[in-house]
Amino acid sequence: ESSLSNSLSTTTPVEVFSAPRNLSGTVMSPTEIRLTWNDTSENESGFRIYRNGKRITGVGPNTISYVDTGLNENTSYTYRVASYNEAGESSMSSGLELETPLEIPSSPRSLRTETLSPSSIKLTWNDNSNNEQGFRIYRNGSRIATVGRNSSAYVHEGLNSETRYCYEVVAYNRSGESGSTNRNCSMTGQAQPNFPRNLNVTPLSSSKIRLTWNDNSDNED
């Protein structure tokens with residue numbers, strides 16, 4: 001037997017296990033998404049989360065969830081997760097696509113009402129949002145009208161005279177309704193009386209004439 005060669009020391013690598021499985025997600029708000037997955041390995045150093053192809057963070061071993069925050073509303077995101085250790089990174093989980101909703105609009109403010117006539121009241125408010133689809137007007141708890149985005153006024157017509165009406169306004173989009181404005185009330189004015197009819201005149205003497213008519217109103221003075 002010859003003399004020995006130089007000595008060589010080496011270490012077998014740690015096995016990289018299979019990718020995490022069953023990646024799922026829950027949209028928690030317009031800016032937050034919660035991810036969960038199944039841990040299928042036993043020797044990972046942790047997990048790496050990828051969003052739209054870019055790694056955004058890493059979490060520790062045996063972790064099976066992560067909440068991604070600071071997102072944009074009304075935006076689509078695709079996620080994948082991989083496990084890793086000193087030997088490298090596993091293949092990635094299947095992709096998961098989720099879309100954040102629109103933020104619910106901010107509440108309009110400073111609702112004011114003004115009586116225009118015995119049958120109409122004008123409402124005005126401050127538009128306090130930039131993502132509303134429109135505004136809904138409520139009277140005594142029931143919705144009576146809808147107006148478009150960036151509106152700040154509405155005239156309610158066809159009302160009864162000498163009647164008190166109370167209103168609230170909300171902004172809305174496909175995610176839902178904002179909180180309501182302050183409640184504001186106005187009373188319609190008195191209606192003008194209907195004109196009398198069938199006026200007749202009868203001479204009574206050389207210095208007197210008798211007038212008769214039909215009273216056609218119920219609110220005259």
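Assorted remarks:
- For the chain, carbon and sulfur atoms together expose 42% of the accessible surface, with a 1.4 angstrom probe and every protein chain in place.
- Label point distance in nm, N128-T146, each placed 7 Å from Cα along Cα→Cβ: 2.3 nm
- According to the calculation over all Cα-Cα pairs in the stretch 66-115, the P(r) per 10 Å bin from zero is 17, 29, 21, 14, 9, 6, 3, 1 %.
- Over the stretch 113-220, the ratio between the Cα radius of gyration and 2.2 N^0.38 Å evaluates to 1.75.
- Projected label points at S9 and V59, each 7 Å from Cα along the beta carbon direction, are separated by 3.8 nanometres.
- Given R0 = 35 Å, the distance between the Cβ atoms of T75 and N182 translates into a calculated FRET efficiency of 0.55.
- Calculation over all alpha carbon pairs of the chain in 10 angstrom steps from 0 returns a P(r) of 7, 19, 13, 12, 12, 10, 8, 5, 4, 3, 2, 1, 1, 0, 0, 0, 0 percent.
- Note that the stretch 144-220 presents 69 Å² accessible area per residue, ligands and nucleic acids not counted, probe 1.4 Å.
- With distances taken between every two different alpha-carbon atoms, the stretch 151-201 has a Kirkwood hydrodynamic radius of 14.7 Å.
- Once both labels are positioned 7 Å from their Cα atoms along Cα-to-Cβ, the gap between W213 and S18 label points is 9.6 nm.
- Ordering of 157-166, 74-83, 35-44 by packing is 74-83, 35-44, 157-166, highest average first (other Cβ atoms within 10 Å, averaged per residue).
- Bins of 5 Å, starting at 0 and running to the largest distance - Cα pair percent for the stretch 1-85: 3, 13, 21, 19, 12, 7, 5, 4, 4, 3, 3, 2, 2, 1, 1, 0
- Gain on full stretching of the segment that runs from V67 to N194 - 0.36 nm per residue minus C-alpha separation: 38.8 nm
- Accessible surface calculations at 1.4 Å, restricted to protein heavy atoms, place the stretch 6-88 at 59 Å² per residue.
The values are calculated or read from the model by the stated rules, or taken from the named source; none is laboratory data. What you are looking at is a predicted structure, and each value in this text was computed from that prediction instead of being measured. With ideal geometry, Cβ positions are generated from the backbone for all residues, glycine too; neighbour counts draw on all protein chains shown. Note: accessible area is taken over every heavy atom of the protein model, side chains too, but ligands, DNA and RNA are not part of it. Shrake-Rupley method; radii C 1.70, N 1.55, O 1.52, S 1.80 Å.
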